[in-house]
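J.: Structure below; questions to follow.
The values are calculated or read from the model by the stated rules, or taken from the named source; none is laboratory data. Note that this is a predicted model, so its numbers are computed, not measured. With ideal geometry, Cβ positions are generated from the backbone for all residues, glycine too; neighbour counts draw on all protein chains shown. For the accessible areas, the whole protein counts, side chains as well, though only heavy atoms, and no ligand, DNA or RNA atoms are used. Shrake-Rupley method; radii C 1.70, N 1.55, O 1.52, S 1.80 Å.
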Amino acid sequence: MVEASSFKGRDVVSMLDFNREEIDFILDKASEMKPLAERGSDLLKGRILATLFFEPSTRTRLSFEAAMHRLGGGVIGFAQPGVSSIAKGESFEDTIRTVENYADVIVVRHPEEDSAVRAAKVAEIPVINAGSGPWEHPTQALLDLHTIREAKGRIDGLNIALVGDLLYGRTVHSLAFALANYDVKLYLVSPPQLKMRRDVLEKVEGRLNYVETGDLKSILPELDVLYVTRVQRERFPRPEDYEAVKDAYRIDREMLRDAREDLIVMHPLPRVTEIATDVDETPHAWYFRQVRHGLYVRMALLALVLGAL
Ligand code: NCD
């Protein structure tokens with residue numbers, strides 16, 4: 001049996017650090033946050049969240065900040081490293097050591113893969129990884145699972161496709177780690193250049209039932225969940241490599257005629273061209289509802305690591 005107290009003081013660095021019982025527990029707590037999000041709460045009154053964003057963000061930063069406000073807490077932080085003392089040459093570690101004197105929990109997004117691990121190592125207070133370069137984005141995976149559970153009532157038994165940039169996309173890495181705890185069939189759909197990272201697959205070997213393919217059309221009719229991702233332009237070493245794959249997949253309404261009636265289309269957002277806007281008005285579109293789940297999941301995580309539940 002998982003207890004809320006076991007999350008107190010914990011870091012949320014990698015999806016690999018959480019087992020199925022813990023994930024389900026967090027998702028249950030996220031569902032309980034729904035009414036609190038609507039009417040507000042003082043569960044985290046007097047607590048302070050620091051959001052340190054060294055990379056662009058809309059949803060992740062704002063939903064963490066909104067989550068803290070909805071629970072009655074306060075928020076400090078920066079969204080551009082250029083305005084912090086990093087610009088004067090301060091190290092990442094020193095920045096974390098400084099900020100932990102002002103806050104009770106730190107949410108950090110940084111271009112380096114080991115950033116969250118490094119932050120968690122130096123900080124005494126909980127560190128939540130909001131994106132560690134191209135490696136992981138665990139809170140996105142939790143909100144993705146929450147969305148699937150809301151839409152389908154379960155995660156086990158589903159056919160799920162992750163489509164697009166499986167090499168540089170951090171959300172699909174964390175999601176693959178998370179899904180390894182469930183009985184799903186996973187299709188990894190990408191152009192050959194953007195196949196799922198081998199080190200991700202190594203970590204779930206034997207625990208995840210997956211197939212790699214480039215052909216979305218042929219598997220589409222079998223799917224319960226189509227999880228589409230943006231090709232991560234900013235991670236490509238050479239612009240011409242991005243140009244070669246940027247339009248590899250484009251989902252539109254016409255194409256979804258071959259899909260199950262109850263297929264849900266998800267996307268961590270932002271989208272560029274990979275989902276046509278004509279999908280937005282179909283019952284398949286879940287990506288904007290998915291955004292809302294980010295609020296509930298982040299409320300639950302903040303309350304859990306701060307020991308308020
Ligand atoms: C994702 C990210 O930052 O990794 N965005 C998000 O947090 N919802 C996906 C992306 O940028 O493509």
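J.: Just to be sure I understand the rule: take each whole DSSP H helix in the chain, project its Cα atoms onto its long axis, keep it if the span is 24 Å or more and its mean Kyte-Doolittle hydropathy is at least 0.5. Which ones pass?
T.: Going by DSSP H runs, the hits are 287-305.
J.: Could you provide, to the nearest whole Å², the per residue accessible area of the range 138-291 with probe 1.4 Å?
T.: Spelled out: the 1.4 Å probe surface of the range 138-291, per residue, equals 42 Å².
J.: While we're here: Taking 51 Å as R0, compute the FRET efficiency from the Cβ-Cβ separation of Asp215 and Asp17 and round it to 0.05.
T.: Plugging the Cβ-Cβ distance into 1/(1 + (r/R0)^6) gives 0.90.
J.: Just to check I understand the Karplus step: with θ = phi - 60° and J = 6.51 cos²θ - 1.76 cosθ + 1.60, what whole-Hz values come out for the range 223-234, glycine and proline as x?
T.: In residue order, the calculated couplings are 7, 9, 9, 10, 9, 9, 10, 7, 6, 7, 3, 5 Hz.
J.: For the chain, compute the number of Lys pairs whose alpha carbons are separated by less than 16 Å, excluding pairs fewer than 8 positions apart on the same chain.
T.: Taking the chain as the scope, the lysine pair count is 4.
J.: Another question about this same structure. Starting from a Cα-only point model with no solvent, please compute log10 I(q)/I(0) by Debye for the chain at q = 0.13, 0.15, 0.16 1/Å.
T.: -0.92, -1.21, -1.36
J.: So for the chain, averaging the separation of alpha carbon pairs under 8 Å that are six or more residues apart and normalising by length, what relative contact order in percent results?
T.: Relative contact order for the chain comes out at 22 percent.
J.: So which GluC sites (Glu not before Pro) in the range 217-309 are both in a DSSP loop and have at most 13 other Cβ atoms within 10 Å of their Cβ?
T.: Glu254, Glu261, Glu281
J.: While we're here: Multiply the residue gap between Glu3 and Glu124 by 0.36 nm, knock off their C-alpha separation, and tell me the result in nm, one decimal place.
T.: Gain on stretching Glu3 to Glu124: 41.4 nm.
J.: Take the solvent-accessible surface of the protein heavy atoms, probe 1.4 Å, and return the percent of it on the range 138-291 that carbon and sulfur atoms account for.
T.: Percent of accessible area from carbon and sulfur atoms in the range 138-291: 46.
J.: So how compact is the range 138-291: Cα radius of gyration and Dmax in angstrom?
T.: 14.4, 42
J.: Related question: List the GluC sites (Glu not before Pro) within the range 143-216 that DSSP assigns to loop and that have no more than 11 neighbouring Cβ atoms inside 10 Å.
T.: Here the sparse-neighbourhood loop sites are Glu205.
J.: Write out the trypsin sites (Lys or Arg not before Pro) in the range 1-71 meeting two conditions: DSSP loop, and at most 15 other Cβ atoms within 10 Å of their Cβ.
T.: In loop regions of the range 1-71 (DSSP not H, G, I, E or B), the sparsely surrounded trypsin sites (Lys or Arg not before Pro) are Lys8, Lys45.
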